[in-house]
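Rule-based calculations on the coordinates, nothing more; no lab input. This structure is a prediction, so every number in the text was calculated from the model and none was measured. All Cβ positions, even for glycine, are placed from backbone atoms using ideal geometry, and neighbour counts span all protein chains on display.
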Amino acid sequence: MFSKSKINEPAPRTGEAPKPTAPEQKPEAAKPEASGQEFKAAAPKAKPPASVLSSDLHVTGNIKTTGDVQVEGTVEGDIRAHLLTVGEGATVKGETIADDVVVNGRIVGRVRGLKVRLTSTARVEGDIIHKTIAIESGAHFEGSVQRQDDPLNANKSGGQKQQQQVAQGQQQRQPQQQGQGQQGQGQGQQGQQTAGAKA
């Protein structure tokens, strides 16, 4: 657009030819781009602040980020983050996966983290899979705790395999139960006594 030097110079007179000006020097940072080399920043980028879901916010759906998340409201869905902080008045209903998980509020669902910390105000209803865990006095926890070297990338097929085993076990039990029911109907009182004894 305009440069200061041209603004301060007097305009050429109508009878005179304009004076040639020196070509402008390009900054040093532009030279690597012209030669095809990659430009490298001198200072590393600052880490962005945590994303805050305020107390009046209700989210239905999954949240996935490589950054930090601080939940103060309600989330119905899974959360995956680098650092997850669940505030004292917050509720998360779903699976939470993060490198660091700090629970001050309520989580209903599985928690996976390298470092999991339940503070004295935490309420967790679900399984915790961790590398390291800290549970403060006063925290409420219902579920199982399992230590794994890599809880974030634990194969999901293991859970599916367990579900398949449970389903197979139920299928095996059903024919036995059906057979007992048919026998009980044919035997009259004896079948009723057997069922009463089992109860």
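Descriptive notes on the structure:
- Backbone amide hydrogens, once placed in the peptide plane, bring residue 88 within less than 5 Å of nothing, excluding anything fewer than 5 places away on its chain.
- Gained length - residue 51 relative to residue 120, 0.36 nm times residue gap less alpha-carbon distance: 22.5 nm
- Peptides 98-111, 136-149 ranked from most to least packed, by the mean per-residue count of other Cβ atoms within 10 Å: 98-111, 136-149.
- Placed amide H near residue 141: partners under 5 Å, 5+ positions off or other chain: 124
- Near the amide H of residue 133, within less than 5 Å, lie the amide hydrogens of 116, all on another chain or at least 5 residues away, with H placed in the peptide plane.
- Our coupling estimate for segment 119-126, obtained by passing each phi through the Karplus curve with A = 6.51, B = -1.76, C = 1.60 and θ = phi - 60°, is 7, 5, 9, 6, 9, 10, 10, x Hz, Gly and Pro reported as x.
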